[in-house]
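First up is the structure itself, then whatever we jot down about it.
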Amino acid sequence: MTPDPEHHATPHAGSGVAIEPCTLVILGGSGDLTRRKLLPALYNLLLDGLLPSNYAVIGFGRTPCTDEAFRTFARDGIKKFSRQEIRQDTWEDFARRLCYVTGSGDDPNAYRDLRTRIEAVEAQFTLPGHRIFYLAIPPNSFAPACQGLQQAGMGDPPDSPGRSSRVIVEKPIGRDLESARAINATIGGVFRESQIYRIDHYLGKETVQNIMVLRFANAIFEPIWNHKYIDHVQITVSEEEGIGTRAQYYEQAGALRDMVQNHILQLLALTAMEPPYSLDPEVVRNARMEVLRCLRPIRGETAEHMTVRAQYAHGAINGQEVPGYRRETGIRPDSTTETYVALKCYIENWRWAGVPFYLRTGKAMPKRASEIAVQLKDIPEILFSAAPHPRQAPNLLTLRIQPHEGMALRIMSKIPGSKGNTHPVEMNFNYGDAFSAPSPEAYERLLLDVMADDASLFMRHDAVEASWAWVTDILNGWDSHGSRWLPEYPAGTWGPIEADRLIETDGSKWRVL
Ligand SMILES: NC(=O)c1ccc[n+]([C@@H]2O[C@H](COP(=O)([O-])OP(=O)(O)OC[C@H]3O[C@@H](n4cnc5c(N)ncnc54)[C@H](OP(=O)(O)O)[C@@H]3O)[C@@H](O)[C@H]2O)c1
């Protein structure tokens with residue numbers, strides 16, 4: 001499919017918006033996220049002419065570092081991870097706007113030094129003092145960081161008129177409902193909700209944003225988007241790699257916390273939400289939030305019937321041997337952390353009554369893929385589906401988030417030359433083929449939205465807590481009723497047999513991606 005030249009596309013919401021000059025302060029400036037994602041995203045925004053005309057970026061971290069060394073660190077990261085190459089002219093302008101402050105986030109004095117440097121940089125570039133603090137630090141440093149910013153007069157309201165502050169918070173926001181509430185309360189004690197941007201980078205992906213466009217900018221889908229026509233929905237986020245070097249984090253998290261609580265529930269909310277009456281960020285966030293409120297709780301023993309958790313065992317992915325999870329470096333040999341979870345859930349509202357949503361995610365699977373598959377109901381058993389014809393494959397709409405971003409619609413077609421034999425065929429739309437420009441990275445869009453004060457793609461405190469409340473019920477159910485024995489699946493396969501049974505008892509099958 002190609003874009004229709006007679007109709008103009010709606011402009012990208014992130015462009016054409018007047019963005020005020022700002023100072024971006026990255027707490028955790030020496031970290032992996034800064035190097036791999038944030039600095040490359042900022043540089044790409046610059047190359048695409050989307051950054052404000054005037055800005056500065058200040059890294060803050062414990063590792064001692066000079067401005068010059070920070071620029072080298074940035075250049076290396078951009079060279080390795082940017083989707084566009086470094087151009088000398090733009091690089092020089094970018095580099096002179098980068099600087100670094102060394103300090104421990106646990107030391108209140110460090111924030112006074114940080115403020116002094118911020119003010120000096122703002123004076124140097126004649127910046128108005130609109131500050132964005134990016135908490136690219138471990139979650140246990142969120143509280144001291146917020147308190148440090150407040151004590152140094154950079155919380156809310158800032159102690160100098162005309163200035164403003166926003167704060168960006170990275171995942172994970174807690175590990176259960178209680179800890180999520182505590183983090184929200186700490187940050188909320190320093191910043192107003194309207195200043196807080198909780199990132200779920202999945203929401204920054206082009207194809208995730210396209211879910212709303214697909215549903216609400218086309219007449220064809222909305223009439224069938226309900227329990228009358230839809231049989232079930234499958235949401236899959238599979239990862240090819242095992243736990244790599246993240247053993248310490250992963251042992252404490254597991255697949256349910258790491259993927260379902262945030263990314264997958266957000267995909268579910270976008271797929272199932274009611275049409276918002278406007279694109280106002282609060283209206284859109286309310287619509288997503290309502291889905292989370294309607295999720296039927298999975299409590300107590302139900303957790304054992306509606307969910308399957310498992311660990312990967314020794315296997316091979318693309319010809320490479322992978323050790324079992326319990327044999328990975330840094331993992332306890334008796335670990336009960338799940339590397340795979342599949343579950344069935346229901347959204348209890350008029351639109352979705354009785355429609356199962358099957359969610360699954362896992363590590364060490366055959367490939368990296370994210371997809372939402374909406375399967376329509378079977379046609380009546382007459383005409384082409386009547387005996388002796390085989391049952392016709394139901395229509396299936398798949399939204400591919402990665403890789404090969406796009407969508408496909410499976411329909412039945414007559415086999416040429418045959419009398420009436422049918423075969424499923426796909427109508428395929430590929431983002432990459434249809435639009436010549438490559439999709440920006442999620443962090444580009446998200447950083448730009450914070451600068452433009454647009455919180456549509458960010459998680460509100462109540463959404464974070466609603467999803468944690470739902471996930472915490474499952475975790476409690478596992479703790480009190482679950483067996484310590486976890487099923488296994490060989491690395492490089494699509495999950496354990498128990499997960500197949502979960503969906504097959506309803507007469508459906510997991511998709512093979
Ligand atoms: N990396 C990713 O792709 C990714 C993706 C999603 C979410 N996240 C989240 O982003 C945050 C940062 O992750 P990361 O991968 O960048 O971690 P990282 O590589 O370990 O970097 C952490 C950064 O925080 C700094 N830091 C740690 N403790 C600090 C303290 N007490 N005071 C001041 N600075 C402190 C570190 O400074 P020094 O190293 O100088 O000590 C470093 O700059 C985490 O919340 C993580 O969950 C990361």
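Bear in mind these aren't lab numbers, they're just calculated from the coordinates by the rules spelled out. All values derive from a computational prediction rather than experimental measurement. FYI the Cβ positions are ideal-geometry reconstructions off the backbone, even for glycines, and counts take in every protein chain you see.
Starting from 0.36 nm per residue, how many nanometres of slack lie between residue 193 and residue 351 once their C-alpha separation is accounted for?
Residue separation times 0.36 nm, minus the Cα-Cα distance, leaves 53.8 nm.
Subtract the Cα-Cα distance of residue 314 and residue 68 from 0.36 nm times their separation in residues, and report this length gain in nm to one decimal.
Gain on stretching residue 314 to residue 68: 84.0 nm.
Would you work out the relative contact order for region 302-401, in percent, from Cα pairs under 8 angstrom that are 6 or more residues apart?
Computed over region 302-401, the figure is 20 percent.
Taking 35 Å as R0, compute the FRET efficiency from the Cβ-Cβ separation of residue 226 and residue 140 and round it to 0.05.
0.20
Bin all alpha-carbon pair distances of region 188-228 at 10 Å intervals from 0 and give each bin's fraction as a whole percent.
It works out to 24, 28, 28, 17, 5, in whole percents.
I'd like the Kirkwood hydrodynamic radius of region 22-170, using the inverse of the mean 1/r over distinct C-alpha pairs, in Å.
When all Cα pairs of region 22-170 are included, the Kirkwood radius is 15.3 Å.
Could you tell me the calculated FRET efficiency between residue 301 and residue 423, based on Cβ-Cβ distance and R0 = 41 angstrom, to the nearest 0.05?
The calculated FRET efficiency here is 0.40.
Please find the FRET efficiency linking residue 436 to residue 332, where r is the Cβ-Cβ separation and R0 is fixed at 56 Å, and quote it to the nearest 0.05.
0.65
Could you give the nm distance between label points at residue 87 and residue 293, where each point is 7 Å from its Cα heading toward the beta carbon?
The answer from the label model is 4.8 nm.
Give the angle, between 0 and 90 degrees and rounded to the nearest 10, that separates the Cα long axis of helix 108-125 from the longest principal axis of the Cα atoms of the chain.
80
Order of 65-74, 356-365, 433-442 by packing, highest average Cβ count within 10 Å first?
Packing proxy ranking, top to bottom: 356-365, 65-74, 433-442.
Picking from 452, 247, 125, whose Cα lies most toward the positive end of the charge dipole for the chain (charges on Cβ: Lys, Arg +1; Asp, Glu -1)?
247
Can you tell me the orientation of helix 206-216 relative to the chain, as the angle in degrees between its alpha-carbon axis and the longest Cα principal axis, to the nearest 10?
Rounded to the nearest ten degrees, it is 60.
Under the classification rounded if a/c is under 1.5, otherwise prolate if a/b is larger than b/c and oblate if not, where does region 158-300 fall, given a ≥ b ≥ c as square roots of the Cα gyration tensor eigenvalues?
Judged from the Cα gyration tensor, region 158-300 comes out oblate (a/c at least 1.5, b/c at or above a/b).
Tabulate in residue order the Karplus-calculated ³J(HN,Hα) for region 66-76, using 6.51 cos²θ - 1.76 cosθ + 1.60 with θ = phi - 60°, rounded to whole Hz; enter x for Gly and Pro.
8, 4, 4, 5, 5, 5, 5, 4, 5, 4, 4
Evaluate the charge dipole of region 90-213 about its Cα centre and quote only its size in Debye, nearest 20, assuming +1 on the Cβ of each Lys and Arg and -1 on the Cβ of each Asp and Glu.
In total the dipole reaches around 120 debye.
Spin-label point model (7 Å from Cα, Cβ direction): what's the residue 383 to residue 213 distance in nm?
Rounded to a tenth, the inter-label distance reads 3.3 nm.
Compare the Cα positions of 46, 144, 104 along the charge dipole of region 22-170 (+1 at Cβ of Lys, Arg; -1 at Cβ of Asp, Glu; about the Cα centre) and return the one farthest towards the positive end.
Towards the positive end, the residue furthest out is 46.
Report the one residue of 302, 29, 72 whose Cα lies farthest in the direction of the positive end of the charge dipole of the chain (charges on C-beta: Lys and Arg +1, Asp and Glu -1; origin at the Cα centre).
Looking along the dipole axis, the top candidate is 302.
Output wanted: per-residue J couplings in Hz (rounded whole) for region 230-240, from phi through Karplus 6.51 cos²θ - 1.76 cosθ + 1.60, θ = phi - 60°, x for Gly and Pro.
9, 7, 6, 10, 10, 10, 10, 10, 10, 10, 7
Taking only DSSP H segments of four or more residues, each worth -39500 (n - 2.57), what value at 222 nm results for the chain once the sum is divided by all its residues, to the nearest 500 deg cm²/dmol?
It lands at -9500 deg cm²/dmol.
Give me a comma-separated list of calculated 3J(HN,Hα) values for region 312-326, in order, Karplus coefficients 6.51, -1.76, 1.60 applied at θ = phi - 60°, integers in Hz, x for any Gly or Pro.
7, 9, 3, x, 9, 10, 6, x, 9, 5, 10, x, x, 3, 5
When only C-alpha pairs under 8 Å and at least 6 residues apart count, what is the relative contact order of region 22-170, in percent?
Relative CO of region 22-170 lands at 30 percent.
How large is the charge dipole for the chain, taken about the Cα centre, if only the Cβ atoms of Lys, Arg (+1) and Asp, Glu (-1) carry charge, to the nearest 20 debye?
The calculated dipole for the chain is roughly 580 debye.
If you take every residue apart from residue 247 with its C-beta less than 14 Å away from the C-beta of residue 247, what net charge results, scoring Lys and Arg +1 and Asp and Glu -1?
+1
Treat the chain as a sphere of radius equal to its Kirkwood radius over Cα pairs and apply Stokes-Einstein at 4 °C in a medium of 1.567 mPa s; give the translational diffusion coefficient in µm²/s, rounded to a whole number.
52
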